[in-house]
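Let me begin by presenting the structure, written as structure tokens, before commenting on it.
Throughout, read-outs are computed from the coordinates displayed, never taken from laboratory work. These figures come from a predicted structure and were not determined experimentally. Because the Cβ atoms are built from the backbone with ideal geometry, glycine has one as well, and the counts that use them run over all protein chains shown.
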Amino acid sequence: MPIIRVAINVPVGTLFDYQAEDANVLDIGLRVCVPFGKKKITGIIMAISMETQIPIEKLKSAYGIFREINPLPPALLNLFHFCSQYYHHPLGMVILNSLPAMLRNNKPVKLKEWWAQHPLGLTDLGRQVDIANIPARNRVARRLLTEFQNATNLTVQQIKQISPRASKLLIEWKQLGWVAEKPIIQTTPSETAIIPTLTAEQESAVTTVTARLEQFNTWLLHGVTGSGKTEVYLRIIESALSRGKQTLVLIPEINLTPQLEAVFRARFCTIPLVNLHSGLNDTERLTGWLQAQRGEAKIILGTRLAVFTPLPELGLIIVDEEHDSSFKQQDGLRYSARDLAIFRARETNIPIVLGSATPSLESYFNAINGRYQYIRLASRAVKNARLPMIQYIDTRIHKSQDGLSVPLLKAIEKCLAEQRQTLIFINRRGYAPVLLCKSCAWSALCQRCSSRLVVHLRDKKLRCHHCGHEENFPRACPQCGNQDIAPFGQGTQRVEESLIAHFPSARILRIDRDSTRRKNAWQEILHTIHTHQVDILIGTQLLAKGHDFQNLSLVGILNADTSLYSTDFRASERLFSQLMQVSGRAGRANAAGHVLIQTEFPDHPLYYSLQQHDYDVLAQTLLTERKMAGFPPYVYQALLRAEAHDIKIVLNFLKQAAHLAKPTQAIQIFDPVPAQLVRLKGMERAYLLIQSSSRKQLQAFLTEWSVQISTLAIRKVRWVVDVDPIEF
Ligand SMILES: Nc1ncnc2c1ncn2[C@@H]1O[C@H](COP(=O)(O)OP(=O)(O)OP(=O)(O)O)[C@@H](O)[C@H]1O
Ligand SMILES: [Zn+2]
């Protein structure tokens, strides 16, 4: 009887064998329901064999193989194998966690009727669909489209009357963006219609990449802010589409996806596109995933997890804002979606384009060394648009009140008078308003994390930004009873209050995690900005990158200094990239842009490079520093991360683990150290750093070592290997 070898979502690196009488080689990559202990669970068939190490009488039988959808293709299984090996994470966990939730349960796939409650209507895009393009034999589709065209909205009853098969179509149409529960924000006709003539730089970038669409290359598209990288992507995708290929576009955060989606849909209005961002519900994700797997969706836009989508016709990968740290998963399987995408492109022998105005030092290093192909866009795409003028306000001379100095206030006033928009950016890394007692210096701490609670003035709440814990303001200091406790430090809310006081008639909008949590909140916010219903925007990281606000001409930056003298060796790189990104929001169209940075260190070299818009000088300086100090990209690193309820147990575990390791010339092992944020959600954390100048040797070491660590019988300790860590 055939034996199937199954990957299961358990922290064990092996496959599990079962009997399955009806199994054959075509079942590799399919889901299968099997007994596991007392439970019934679903795994993936990785191999079929006629023999097993398990005594045949002990071998259990599978309950059943799910054949209603296609198996995971070999290329994807290959990616999972690589991912499991490279990140030293159990294969079953890698695979199962990457699949849509509805494929992880013990049921066959059945699409839920998500539309049961809402009337539906055609979107702008849906209205452009020409019925003549729907084959005559698809009678239900034609009928449904006609009904939609005649009525503004259809209810579920009406749809069901058309045909029982209409519901399946609807799910697909929704994913294609043809129908929606409520009208989505419309793109203005001018945005849909105009296709710009490429600048010479863009033209050359497009020609260079499209000339080599048939082979693997990693292209680093290094284009200054506003240089029109999106347009370059669009043209290259067009080429891939004309060859019938699918394109995977990875983007950092969910808040960028609606805009980019709108741009893509406007340009490729007849091309099936799915958006696999992290805000989807289970049915939406599965539907999009299936369309990608069947090769129907030609453009797949997605965040990190989308790198694991099955794509039979994959012909091109684009990673936008490649430097963004959100491409690296920070818990469980700590993979880098960008790096896996490069592996995937190489295996598929197709090009991958990494785009950024501020490439990560790793990618830049690879580009100048010739491992990646380097393409630069040195100027802005819009005619007459220039990079903004950057100036510093020395806060040792110009004292600031509630975070705002007089020169900055004057500049805002001028900008308001010219009817242009201002963005006030608050660098929040390691800096947020806390509640402080003036007499005994008590400050409000989170009980579960070693962090301070952040003051939220509006709703008078204290909130932990690590675990979400929330509590009310105390009336008096719990330590000394003093009633004079007050927020310390500038948060977005305090700056907002102060701006309202200074400019009572200005329309001010503060944007933070709270204001963007609701579904569609971003779309609404962006709409108000684009239609100039806002004069002053206040925000943090969320606003810094990717946005193209035409009327924004002034950017004011507060608290930048806090990252200048950090202990983290990546802090300068991040600060520079962030400031360059946020500065880049100014003056993108015809109005000149102006950036004012409040600082106590206006002569700092980092600020000088920023003012000159000179990425290269700073990158070279940082690379020299890294080389001397022995940091990446000159060495390869991994962390053994561990956590338990007591830091002593953690440190002890790490010491034992270090003891097991056989040090070699090529591998350096450091002492265990507590994490920067020791307590998180009630767990205490520490790590051990391992590094090597050879990636291959580091990998070989980790493979052997992680097996040995598993034999350490220390319960209560959770551990994981973090390869190429970016946070310590
Ligand atoms: N060839 C062109 N002619 C005129 N305008 C263009 C051209 N290409 C792009 N643009 C416009 O330039 C602006 C900036 O383009 P885009 O947003 O793609 O920049 P970017 O390179 O992604 O910048 P960032 O890194 O800051 O996000 C957009 O408004 C876009 O419509
Ligand atoms: Zn907390």
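Odds and ends about this structure:
- Gyration tensor verdict on segment 191-377 (Cα atoms; rounded if a/c is under 1.5, prolate if a/b is larger than b/c, oblate otherwise): rounded
- FRET efficiency, 1/(1 + (r/R0)^6) with R0 60 Å, evaluated for Gln656 and Asp614 via beta carbons: 0.80
- For segment 1-50, the set of trypsin sites (Lys or Arg not before Pro) satisfying both a DSSP loop assignment and a count of at most 10 other C-beta atoms within 10 Å is given as Lys38.
- For Ser443, Ser227, order by how many other beta-carbon atoms lie within 10 Å, fewest first: Ser443, Ser227
- Cα gyration tensor shape of segment 636-723, rounded if a/c is under 1.5, else prolate or oblate by comparing a/b with b/c: prolate
- Cut-off 12 Å between beta-carbons: net charge of the residues surrounding Leu340, Lys and Arg +1, Asp and Glu -1: +3
- Inter-label distance, nm, simple model (7 Å from Cα along the C-beta direction), Ile368/Thr531: 4.7
- Under the combined filter of DSSP loop state and at most 13 neighbouring Cβ atoms within 10 Å, segment 27-81 retains these GluC sites (Glu not before Pro): Glu51, Glu68.
- Net charge of neighbours whose Cβ lies under 12 Å from the Cβ of Gln581, counting Lys and Arg as +1 and Asp and Glu as -1: +1
- Pairwise alpha-carbon distances in the chain exceed 32 Å for 60% of all pairs.
- Inter-part distance where segment 495-564 and segment 91-109 are each reduced to a Cα centre, Å: 39
- Counted by neighbouring Cβ atoms within 10 Å, the residues Phe327, Phe503, Phe569, Phe80 run from fewest to most as Phe569, Phe503, Phe80, Phe327.
- Under the combined filter of DSSP loop state and at most 11 neighbouring Cβ atoms within 10 Å, segment 659-728 retains these trypsin sites (Lys or Arg not before Pro): Arg715, Lys716.
- Lys229, Lys245 arranged by Cβ crowding within 10 Å, fewest neighbours leading: Lys245, Lys229
- Helical content of the chain, expressed as a calculated mean residue ellipticity at 222 nm, amounts to -9500 deg cm²/dmol (DSSP H runs of 4 or more residues, -39,500 (n - 2.57) each, divided by residue number, nearest 500).
- Rg/Rh for segment 460-560, where both radii come from Cα atoms and Rh is the Kirkwood radius: 1.03
- Asn472/Thr664 FRET efficiency (R0 51 Å; Cβ-Cβ; nearest 0.05): 0.35
- Gyration tensor verdict on segment 121-180 (Cα atoms; rounded if a/c is under 1.5, prolate if a/b is larger than b/c, oblate otherwise): rounded
- Summed residue charge, Cβ within 13 Å of Ala385's Cβ, Lys/Arg positive, Asp/Glu negative: +4
- Spin-label model distance (nm) - Gln483 vs Arg143, 7 Å beyond Cα toward Cβ: 7.5
- Inter-label distance for Val673 and Gln419, nm, one decimal - labels placed 7 Å from Cα along Cα-to-Cβ: 5.5
- Where a label projected 7 Å from the Cα of Ala211 along Cα→Cβ would reach, residues of segment 233-251 with amide N under 16 Å: 236
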